[in-house]
Amino acid sequence: MSSSDKAHEEQKFEVRKLEISDKGKGFMELLKYLTSCGKVGHIDDVVVNLSARGKQLGKKIVDFLTEHARSKGCYKVILDCSVDNKSFYEKCGYKHKDIQMSKYFVYNNFFLSS
C-alpha cells in the first residue's frame with residue numbers, strides 16, 4: 001500500500017471524541033468518525049446521576065449531542081441502548097434500526113466491548 005493510500009485510509013476512519021463529565025450530574029460521550037459514505041456520529045455513553053434524574057437532563061444531553069453531530073456535518077447519528085432505554089431514545093427522535101452485535105474481552109477484571 002502506498003503512503004498516499006495509507007494516509008487516505010487513515011483519514012477515512014478518523015475518530016473525534018467529545019466528552020463532558022460532571023460527577024454531580026452525569027456523563028456523555030460522542031464519537032465522530034468518517035466512513036466512505038461520510039461522517040457518522042456515535043453516541044456512546046449518556047449517564048445521568050440518579051439524584052439528577054427527572055429534570056430532562058438526559059434528553060437535553062442527547063439533543064445537544066445530536067445537534068453537535070449535525071453541525072459537524074454528520075449525515076447520521078447512531079447509538080446502542082438496552083431494551084429498557086429504548087423508549088427514552090424514541091422520545092429523543094431515534095428509531096430502532098437493524099441489530100447491534102458485540103464481543104466482550106476481559107482485561108484486569110474489566111469488560112471491554114469490541
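Largest first, how would Cys81, Cys92 line up by accessible area (1.4 Å probe)?
These residues rank, largest area first, as Cys81, Cys92.
So between Asp45 and Tyr104, what do we pick up on full extension, going 0.36 nm a residue minus the alpha carbon distance?
Full extension from Asp45 to Tyr104 adds 19.6 nm.
When only the heavy atoms of the protein chains count and the probe is 1.4 Å, how do Leu65, Leu79, Leu50 rank by accessible area, highest first?
Ranked from most to least accessible, the order is Leu50, Leu79, Leu65.
With a 1.4 Å probe and all protein chains kept in place, how much accessible area does Ile99 have, in Å² rounded to the nearest 10?
About 140 Å², ignoring ligands and nucleic acids.
Please work out how many pairs of lysine residues in the range 34-82 are eight or more positions apart (or on different chains) and have Cα atoms closer than 19 angstrom.
Lysine pairs satisfying the spacing and distance rule in the range 34-82 number 5.
Roughly what would the spin-label model give for Lys97 and Asp63, points 7 Å off Cα along C-beta, in nm?
2.2 nm
The values are calculated or read from the model by the stated rules, or taken from the named source; none is laboratory data. Keep in mind that this is a model prediction, so the values were computed, not measured. Counting neighbours? That spans all protein chains shown, and the Cβs are built from the backbone with ideal geometry, glycine included. For accessibility, only protein heavy atoms count, side chains too; no ligands or nucleic acids. Shrake-Rupley method; radii C 1.70, N 1.55, O 1.52, S 1.80 Å.
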